[in-house]
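To start, the structure under review is shown below, and the notes come after it.
The values are calculated or read from the model by the stated rules, or taken from the named source; none is laboratory data. Here the structure is a predicted model, which is why all the values come from computation and not from measurement. All Cβ positions, glycine included, derive from the backbone under ideal geometry; neighbour counts span all protein chains shown.
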Amino acid sequence: MARVFTLDDLRRILREGSGETGELDGDIEHIEFEALGYESLALLETTGRIKREFGVALDDDAVVAATTPGALVALVNDQLLAA
């Protein structure tokens, strides 16, 4: 069975990378990262953590296009399924 990347996985990784605990609770799937307080540098750290933990190397352009947590989760899962 293939491993699945969840919104809760993303929440945990974002919190570990930033040390912040707020603004990630509730339904954040369709809220833009910028509105959540996460800029490109934080997302680069996040993609590095995803690569280390899940073995998924994400294309920088694809990550930039994934402007919401839901889009990033879908991108990671697409890569996991392709592997």
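List of remarks:
- Filter pass, Ala71 being on the phi < 0 side of the Ramachandran plot, free of Cβ contacts under 8 Å to residues at least 12 places away in the same chain and surrounded by 16 or more Cβ atoms within 10 Å (Cβ to Cβ): yes
- Within the stretch 14-39, if we keep just the residues that are modelled with pLDDT under 95 and under 26 Å from Ala83 (Cα atoms), the residue that is surrounded by the most Cβ atoms within 10 Å (Cβ to Cβ) turns out to be Leu14.
- Of the residues making up the stretch 47-63, those that are within 11 Å of the chain's Cα centre (by Cα), of a type in the set (A, V, I, L, M) and more than 16 Å from Leu7 (Cβ to Cβ) are Leu58, Val63.
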